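What follows is a set of notes on a single structure, which appears directly below.
The values are calculated or read from the model by the stated rules, or taken from the named source; none is laboratory data. Everything quoted here is computed from the prediction, not taken from an experiment. Note that each Cβ is placed from the backbone with ideal geometry, even for glycine, and that neighbours are counted across all protein chains shown. Surface areas here come from the heavy atoms of the whole protein model, side chains and all, with no ligands, DNA or RNA. Shrake-Rupley method; radii C 1.70, N 1.55, O 1.52, S 1.80 Å.
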Amino acid sequence: MTTGNRELRERLERLREPLTSDMPIESLETFEASWKRALSEAMRVPLSGSDARVLATFQRDVGLLPKYKSYAIKASSPLGYSVFFQEPRRGFSFQQHRHHKVEIFHILEAMPGSFALLCTLEEWTAVYDEAKFARWLEGAADPLYERWRIPLSAGDVICLERTGIVHTVIGCVLEEFATASTDMVDRLHDQNLGASVPPSYRRDHVLQLLRDTPWPEASHLVDLPGRNRLPLPRRSFPGGEIVTLGDVPGLHASRLRLESRRLAPVQNSGSDALVLFASRGGASLLLGTSEELEGRDIPALDLPRGAAAMIPPGMSYEIAALDTDAEISVHSIHPEVALGEDH
């Protein structure tokens, strides 16, 4: 092991305890920033298969970081993948991105009354009235705001690729594929202002929620101009398929579906870093250099339901379902996009 690699492992180990402790978002994101710096430095140079497995195992052991809000639990990776568990009829503030940030929302469960709201900043500014909007949000009829409301169903995919779009999601369990793991928004109407974090929001509760993450039977793109549901690109192989949820410069989101005891084709991360999240069933991950995967004399990493793993650039990997069907969310992003200093 080189001195640099030993230093990386030591840096990660120093972060293990704080990253697995309950604390306010601001404090947790201080330690997350340290994790990002370590990852950024590590991913600037080619890594050995052994070091790639260290990064994958550290993400798996630490888990998605729990961030507690009054309306939801956000469980996130420093590379920009998150799962949100919103309270019924609660959700994001009505917001727009302050800086360029791509977000792909995949609705895993839609509770009664769930919806998204989407409009341009110009449309919002022209008609927004705080009191009238608050009454509409509480159930009063108002066609000015109702025209922007999109009722949601499990499997809906919404892609936000530019600034100047006012948006929210209310009353859902959803996964988010984003170019940053932290908030970068202007809150234009914050219905959550002053609300307290529920006392039940604790790490053990989050781990159970992740193990019980729902999955949709099928996924489809919400065509924003027409509000229609459109089919998503998919690639089938013996025993499974890969469904592309979104593909924009610097970010690719997909779902890998595998029948029990079947293998996905060997893939390579190329110039991207990946987050894998096992949302259904358990899986096994074989990770290393292309030579290591050809020889197959490397340890496999267990990826139980609710767990995540990280794959650095330039690595080959193979995913196998265990005794039940499995679904793996795959968040693929350029490291400089996810780990840039402006994040």
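I'm a student and want to see the number: the projected area of the Cα convex hull of region 206-247, averaged over all directions, in nm². Before the final figure, lay out each step's value.
Working: hull surface 19.1 nm².
Answer in nm², one decimal: 4.8.
Quick one: if you stick a label point 7 Å off each Cα along the C-beta vector at Asp61 and Ile150, how many nm between them?
It works out to 4.1 nm between the two label points.
List the trypsin sites (Lys or Arg not before Pro) in region 134-172 that DSSP assigns to loop (not H, G, I, E or B) and whose Cβ has at most 12 other Cβ atoms within 10 Å. Which are they?
On the way: sites: Arg135, Arg147, Arg149, Arg162; in loops: Arg147, Arg162.
Of the trypsin sites (Lys or Arg not before Pro), the ones in loops of region 134-172 whose Cβ has at most 12 other Cβ atoms within 10 Å are Arg147, Arg162.
Per-residue ellipticity at 222 nm for the chain, helices alone: DSSP H runs ≥ 4 residues times -39500 (n - 2.57), over residue total, nearest 500 deg cm²/dmol? Walk me through the intermediate numbers first.
Details: 9 runs with 87 residues, N = 343.
After summing the helix terms and dividing by the residues of the chain, the value is -7500 deg cm²/dmol.
For region 298-343, run through the GluC sites (Glu not before Pro) and keep only the ones in DSSP coil with at most 14 other Cβ atoms within 10 Å of their Cβ. Kindly include the intermediate steps, with their values, before the conclusion.
Numbers: sites: Glu318, Glu327, Glu336, Glu341; in loops: Glu341.
The qualifying sites are Glu341.
At a Förster radius of 22 Å, what calculated FRET efficiency corresponds to the Cβ-Cβ distance of Thr324 and Ser236, to the nearest 0.05? If you can, show how the numbers build up before the last one.
On the way: r = 20 Å, r/R0 = 0.89.
With a Förster radius of 22 Å, E is 0.65.
Based on the mean of other beta carbon atoms within 10 Å per residue, what is the order of 308-316, 209-217, 90-98, most packed first? Spell out each step's value before the answer.
Details: 308-316: 23.2, 209-217: 15.8, 90-98: 19.7.
Highest-to-lowest ranking by the protection proxy: 308-316, 90-98, 209-217.
Have a look at the DSSP beta bridges in the chain and tell me what percent are antiparallel, nearest 5. Walk me through the numbers on the way to the answer.
On the way: 86 of 88 bridges.
Once the DSSP bridges in the chain are tallied, antiparallel ones form about 100 percent.
Run the simple label-point estimate for Glu138 and Gln208 please: 7 Å along Cα→C-beta, distance reported in nm.
The modelled label-to-label distance comes out at 3.4 nm.
Can you bin every Cα-Cα distance in region 33-143 into 5 Å intervals starting at zero and give me the percent of pairs per bin, rounded to whole numbers?
Final binned percentages: 2, 8, 14, 18, 15, 14, 10, 7, 6, 4, 2, 1.
If you line up the long axis of helix 3-19 against the longest principal axis of the chain, both from Cα atoms, how many degrees apart are they, to the nearest 10?
40
Take the alpha carbon atoms of the chain, find their radius of gyration, then divide it by 2.2 N^0.38 Å using N residues; give the quotient. Walk me through the intermediate numbers first.
Numbers: Rg = 20.1 Å, N = 343, 2.2 N^0.38 = 20.2 Å.
Computed over Cα atoms of the chain, the ratio equals 0.99.
Rounded to a whole number, what is D in µm²/s for region 2-45 from Stokes-Einstein with the Kirkwood radius over alpha-carbon pairs (25 °C, 0.890 mPa s)? Mind showing how you got there, number by number?
Working: Rh = 11.0 Å.
In µm²/s, the coefficient rounds to 222.
Hey, which of these cross-link pairs are over 26 Å Cα-Cα: Lys36/Lys67; Lys69/Lys101; Lys74/Lys132? Provide the component values of the computation, followed by the final result.
Values: Lys36/Lys67 16 Å; Lys69/Lys101 21 Å; Lys74/Lys132 29 Å.
Among Lys36/Lys67; Lys69/Lys101; Lys74/Lys132, the Cα-Cα distance tops 26 Å for Lys74/Lys132.
At a 1.4 Å probe radius, carbon and sulfur cover how many percent of the accessible area of the chain? Let's see the in-between values first.
Numbers: 7510 of 14730 Å².
The computed percentage sits at 51.
Looking at the chain as a GNM with Cα springs under 10 Å, which of Val330, Val185, Val127 has the largest mean-square fluctuation?
Taking springs between Cα atoms under 10 Å, the residue moving most is Val127.
Relative to the longest principal axis of the chain, what angle (0 to 90°, nearest 10) does the C-alpha long axis of helix 49-62 take?
The helix 49-62 is inclined about 40 degrees to the chain.
In terms of the Cα gyration tensor, with a ≥ b ≥ c the square roots of its eigenvalues, is region 112-199 rounded because a/c is under 1.5, prolate because a/b exceeds b/c, or oblate?
On the way: a/c = 1.29, a/b = 1.20, b/c = 1.08.
In terms of gyration-tensor shape, rounded.
Calculate the FRET efficiency for Arg262 and Ser48 from the Cβ-Cβ distance with a Förster distance of 30 Å, rounded to the nearest 0.05. Numbers along the way, then the final one.
Numbers: r = 29 Å, r/R0 = 0.97.
Here the calculated transfer efficiency is 0.55.
Loop only per DSSP, at most 10 neighbouring Cβ atoms within 10 Å: give me the trypsin sites (Lys or Arg not before Pro) in region 250-343, ordered by residue number.
On the way: sites: Arg255, Arg257, Arg261, Arg262, Arg280, Arg296, Arg305; in loops: Arg261, Arg262, Arg296, Arg305.
Filter output for region 250-343: Arg296.
Based on the Cα atoms of region 167-273, what semi-axes does the equivalent ellipsoid have, where each is the square root of 5 times one gyration tensor eigenvalue, given in whole Å with the largest first? Display every interim value, and only then the final one.
Working: eigenvalues 181, 85, 51 Å².
Semi-axes from the Cα gyration tensor: 30, 21, 16 Å.
Return a whole-number percent for the relative contact order of the chain, with Cα pairs under 8 Å and 6 or more residues apart as the contact set.
On the way: 764 pairs, mean separation 71.2, N = 343.
Value for the chain: 21 percent.
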